[in-house]
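What follows is a short report on a single structure.
The values are calculated or read from the model by the stated rules, or taken from the named source; none is laboratory data. The shown structure was predicted, so the numbers you read here are calculated from the model rather than taken from an experiment. Ideal geometry is used to build each Cβ from the backbone, glycine not excepted, and the neighbour counts take in all protein chains shown. The area values use the complete protein model at the heavy-atom level, side chains included, leaving out ligands, DNA and RNA. Shrake-Rupley method; radii C 1.70, N 1.55, O 1.52, S 1.80 Å.
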Amino acid sequence: MASSSSAWVEWAAEYTKAAQADARPAHEWVARVAAAASAGDGEDVQFSAGLAEMLARVLLSGGGSGAAPAAAWKYAEAALAARLASPALLLALLSIRVIPHRLASPTAYRLYLELLRRHGFTLCFQIKGSNFKKITQSIDDNLNLSKIFGISTCEPGVFVVEFVLCILWQLVDTALDNEGLLELTPEKAAQWPTRPQDVSTFEGSLSEQMPEKIEKLQKMNSVTTIELIGNLLHDKVVNRILSLARENMKTQWGVFANRLQLLVANSSTLKASKMSSEAFQQLILDEHNVYGENKHSLRKKFHPTVAFNPISSPNGRCLGASYSALWIPIDMYLEDCLHGSIAATNSIEILSGLVKALQAVNRSTWRDAFMALWIASVRLVQREREPIEGPVPHLETRLCMLLSIATLAVADIIEEADSCHNELNNHWKGKSAKDDLRKELMLSLQVLGDYESLLVPPPCIISAANLAASKAAMFVSAANISNGYMESGNDSTMNYSGNMRHLIVESCISRNLLDTSAYFWPGYINGHVNSMSHTLPSQLAGWSSFMNGAPLTQSLVNTLVSIPASSLAELEKLFEVAVNGSDEDKVSAATVLCGATLLRGWNFQEHTVRLVVKLLSHSDAADFSGRESQLMKHGPMLNVILTGISPVDYAPIFSFHGLVPELAAALMAICEVFGCLSPSVSWTLGTGEEISAHSVFSNAFILLLRLWKFNHPPLEYCIMGDGAPVGSQLTPEYLLLLRNPRVLSASSLSKSRSSQKQLPVNSSPSSYNPIFMDSFPKLKLWYRQHQACLASTLSGLAHGTPVHNIVDSLLNLMFRKANKGSTSIGSLSGSSSISNSSGPGGDDSHLWPQLPAWEILEAVPFVVDAALTACSHGRLFPRELATGLKDLADFLPASIATIASYFSAEVTRGVWKPAFMNGTDWPSPAANLSMVEEHIKKIVAATGVDVPRLATGGSTLGRLPLPLAAFVSLTITYKLDKSSERFLNLAGPALENLAASCPWPSMAIVAALWTQKVKRWSDFLVFSASRTVFHHNNDAVFQLLRSCFTSTLGMSSTSLCCCGGVASLLGHGFGSHCSGGLSPVAPGILYLRIFRCIKDCSILGEDILNLLMLSVKDIAETTVSRHRSDKLKRTKYGMRHGQISLAAAMTQVKVAASLGATLVWLSGGTTLVQSLFQEMLPSWFLSVQDLDQGGASGATVYKLGGHALAYFAVYSGMFAWGIDPTPVSRRRERVMRSHLEFLASALDGKISLGCDLSLWRAYVSGFLGLVVECTPCLLHEVDLKVLKKLSVGLQQLRENELAIAVLRGGGPKAMAAAAELILGS
């Protein structure tokens, strides 16, 4: 031990020897030493390091008797009490010398424990001493803190954390050594010496002269050690310091926690003592959060006014503005997925992130979180129980969301929780987090069975539900089916009634989230086991035959197409045939794969969609050498797959599974190759059907264009920037940019869930190379022309060029039957004319140019421009125009895309004269226009929005822009058969977007025209027309948003459901659900269908923020009356008798905030959320806001308003960027840092606020409280300087607990500051 050179310390050493010899009392000794210190050189006086070292030498020398006399220990106690010597240094020096000799010198160890109990953790004043740096260095030299913990002790706060953990660790190791338990640790040794041989020799001996008392003292010391550990763990300050160690020194903490767990599990002394093991378990299991308090009690302390009725409780099952309504974001997101249809995102990841966020901010159990997901998913299916007819995704996509996507989201949550649990607890084995969450999942599904009316399956899946119930019954009855193929149909003798819960459970079992013990749940099986038939209908044994080696005949293929595969083995064999079978078998296998197996094979759909994409991408798309011949060889199979996945229900399924980028890349390669082939290249199928290269190209091209917003002008994503609607940024380049990182990351590609059965065959992409638009020169050339067509009028067609010749040829063929003489229709070429010759009759396909598709597409914009110009000048009748365009589309179906994009671009230019839909030149909508108007009024009735008059008479009746009139006339010429469906799936949305962008009532006229053609689509068409009421009227959008808030909160007089919640917000979808025809559509459904057509989404954020605060004002006025506001103050024992009203108000505030955040997130994505944090909220706080104009609610409205904004901000941030420590975007870090800097500056007084101070206080405490409790990872991304400012500001607001929590959330960089603040508190 180094000794101090201070003169007074040397004097004190000599005086101590004399005082011991004279047996002078401790108070006299300490008075003389204090006087000497004061009269000395003035350095190292208070908490003196030199005096601590001197006392340690005295205590350890033992004198002539072999043990330090009692006087020396009394002098040490007096010096520590008088703050003359450093307690930390003295105890550190004693610990590594007294503990190893505790068995030989139990008295010295007992006295050391007493000093430790009294003075060991009085660090608050010590860290302020001028010599504290010297003390920490000396302690570090002796205890090796920096080396063991890996963090330098240069900062006082860091030293405190390491010192406290070190002292407690020493005690735990001592307790383990006392009972011989150290051998059970992985290291089999103590971290610091616990035996004499572990210590270097030093002067003096600690042996005692009274051996008869040693054994008794040793036993007492063992008990005292355990009790001291327990007392320290119960100490609030020590507990918080230890929490800092747990959060920021995870490796060392894991070793320590292992030893503490070992002590709890095996210590007989602990079990025999009066100490409770609760504190030990809480510390081990991390039952505290960043506040350092128990998580359960914390909720009551910081959020006492929130009503808590779990969904699983009877009070939580109300669908109104109650606890269950807090899960509305899940319903909204699921419904938006169906309306958004195709996106480049992964719904599984988004949905799991959404559930995790809501579980955190709602402070719910995982059982409730899973329950909310199941209920929302089942409601999604029930809203389409009676689907209306139309070219939109229907029940299949909703069932995919319930039985595949929702289950996979749960699997992701469970796997992630187990992974995090293993990372944090790799030093000792406890109960797996996966097991805990599986138990919660099981409980949620058991409670779900109580919702019998909600679980009634739609008619089309009744047989599947009954089959799932029968399977469970057979398992329970121990019945064995020899071939195991139960899934193959519905047997009339199977009288088990199944519902959607049976399908959900089967989906979970197939992914190893549950086991077959679920079949034994009470009430799971309805029916009698003995009445079960175990026979397999012969006509439904197709899959059994296939697995037994039967050839894929046409009859077997027809059977397998209609029945989904029931196992991964069947799927694997089907894929193997598609890859390695004969050409005919490949086509048959691909046909089966894209049938019911893809659409309704929910239990392994994630594998099926990947296998389909893999079949479409046969080799490396970055290397075209020899690729054409390979793709040509697979032409028939590729065409079967492309036509198989073209129906409207299929593309969303690929989108939900996050495969749009990969699918797009495969389609680009197919288009590139087959678009370069002449239509004379063809294949003949086994059925005799002949397909050409044009057919394969067109099917791939049309499907590719459906994956991005090809027909939207670049205005939306180039000029508008942040105001662009969500999804408008989808372009081919963007899809490839999303695809490349996925395939380059092996972990992402081969990401497997241990909770799911893995597919034996490799379903990862064929190519791991990045792909760019340069890989597809023909596609790139077309895309550039497409962009130029959207941006400006056509130009650059030179006379005599190959393109000019193709234009001439196409125009002559399209309009060869028009009897116009030689009237020129070429507005661009000047020489294009209509020939008098009507051409040969019958099949005239041989007359069309036998050119590759890319060359035809290059000419199509000029062809359409010339034809439209001729029609506008009266040189071509409208009917002839439509017929000619239809002939072109029949020749090359892919040309419908270029036609649509051309018309969409021309409408925006406003240079074409209108077309009068009078029934003479153009078709007339008059027969149905009045009906359309009446139905539109009924649909929007629940919103209170006025519908403009349609039929005003005169020349204005039925007037459309010429390009729109031409396009709608073209689409009407299509027959509604299967061959035309895949092309109308592209043309339909294009027509709808085009009509919606035109002035009112263009879309209503289009709806009236199409209703005349397809009566059964009437409801769909009218609903589409009703959306355009909001497209050109911002006031109507505001009114619709207001209806969303009032209906959700149960405050709307026109709401469809008086109880509020999801029932009022989303209702029952849309369609003829009542005897009077179309019923009013819920405002939420309407909004989800219209917001993508709003040109500038930035205004929506401000509208939603304003409506949120208006809702808070309504809540404050209706729920908490002014004369009771004085009864709502918090007391020592919670809330007064006004608590119920305030709890109800706070719940409604949370519901409103969650709804507002969901609307912002869905409408504008991360861009609008960023604008909310960086622009809208700061502006709102800086401006003067009078929420209590009438004085009806007093200060309550401002407090509720502050909490509403806090929840609104936190919800928005979590929805946009998640709550995971690793953000999906670096934008989260920038945005949150910016917002917290604003809060810090305002708290520091550098920004002058205009809002009410009580609102500001409520926002700051509410927002930061939610952040540290729900998303503490956000604080890791903020500078320490900002965190310190926030902490100081919170202390000024008397939010001391929150001030500590903010620093604690900052991670290792803020550990020192947090420790110092904890000691100061």
Can you tell me how much longer the chain between Ser1183 and Glu733 gets when fully stretched, taken as 0.36 nm per residue apart minus their C-alpha distance, in nm with one decimal?
-> 157.8 nm
Quick one: which residues, 5+ away or cross-chain, put their amide H under 5 Å from the amide H of Ala85? H built at 1.01 Å from N.
-> Phe47, Ser48, Leu80
So if R0 is 41 Å, what FRET efficiency would Tyr783 and Asp515 give, r being the distance between their Cβ atoms, rounded to the nearest 0.05?
-> 0.20
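Could you tally the net charge around Ala590, taking each other residue with its Cβ under 12 Å from the Cβ of Ala590, Lys/Arg +1 and Asp/Glu -1? Don't skip to the end; give the middle numbers.
Values: positive: Lys586, Lys614; negative: Asp583, Glu584, Asp585.
Summing Lys/Arg as +1 and Asp/Glu as -1 gives -1.
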What is the gain in length, in nm to one decimal, between Arg909 and Thr1118 on full extension, counting 0.36 nm per residue of separation less the C-alpha to C-alpha distance?
-> 70.2 nm
Simple spin-label model, 7 Å along Cα-to-Cβ: Leu685 to Val476 in nm?
-> 4.5 nm
The size of the Cβ-based charge dipole (Lys, Arg +1; Asp, Glu -1) of the stretch 1205-1314 about the Cα centre, to the nearest 20 debye, is 300 debye
Roughly how many nanometres apart are two label points built 7 Å out from the Cα toward the Cβ at Ser273 and Gln630?
-> 7.1 nm
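Pop the C-beta distance of His873 and Ala596 into the FRET formula with R0 = 60 Å and round what comes out to the nearest 0.05.
Efficiency at R0 = 60 Å is approximately 0.70.
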For the stretch 392-402, just list the computed ³J(HN,Hα) in residue order, Karplus coefficients 6.51, -1.76 and 1.60, θ = phi - 60°, integers in Hz, with x standing in for Gly and Pro.
-> 9, x, 10, 5, 4, 5, 5, 5, 4, 5, 6
Taking amide hydrogens as modeled 1.01 Å from N in the peptide plane, which residues meet the under 5 Å criterion relative to Val681, leaving out close sequence neighbours?
-> Ala693
Thr365-Glu1102 pseudo-label distance in nm [points 7 Å out on the Cα-to-Cβ vector] = 4.6 nm
For Thr971, the net charge from surrounding residues (Cβ-Cβ under 10 Å; K, R +1; D, E -1) works out to +2
Output for the stretch 904-950: trypsin sites (Lys or Arg not before Pro) sitting in coil per DSSP, at most 14 other Cβ within 10 Å, listed by number, reads Arg949
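Assigning unit charges at the beta carbon (Lys, Arg +1; Asp, Glu -1) and nothing else, what dipole magnitude in debye, to the nearest 20, does the stretch 972-1055 show about its Cα centre? Spell out each step's value before the answer.
Numbers: 8 positive and 5 negative charges, 52 e Å.
Computed about the Cα centre, the dipole is about 240 debye.
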With a 1.4 Å probe and every protein chain left in place, tell me how much accessible area His1031 has, in Å² to the nearest 10.
-> 20 Å²
Charge dipole magnitude, Cβ of K and R +1, D and E -1 - the stretch 872-976, Cα centre, debye nearest 20 | 120 debye
Each residue of the stretch 166-171 in order: what ³J(HN,Hα) in whole Hz does its phi give by Karplus 6.51 cos²θ - 1.76 cosθ + 1.60, θ = phi - 60°, with x for Gly and Pro?
-> 4, 4, 5, 4, 4, 5
Out of the stretch 555-623, which GluC sites (Glu not before Pro) are coil in DSSP terms and have no more than 15 other C-beta atoms within 10 Å?
-> none
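Computed FRET efficiency, Cβ-Cβ of Ile1247 and Gln282, R0 45 Å: what is it to the nearest 0.05? Mind dumping the intermediate values first?
Working: r = 41 Å, r/R0 = 0.90.
Step by step, r from the Cβ atoms, then E = 0.65.
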Could you point to the residue in Trp1217, Leu1264, Leu1283 farthest towards the positive end of the stretch 1217-1283's charge dipole, with +1 and -1 charges on the Cβ of Lys/Arg and Asp/Glu respectively?
-> Trp1217
Once you have the Cα-Cα distance between Asn558 and Met931, take 0.36 nm times their residue separation minus that, and quote the gain in nm to one decimal.
-> 130.0 nm
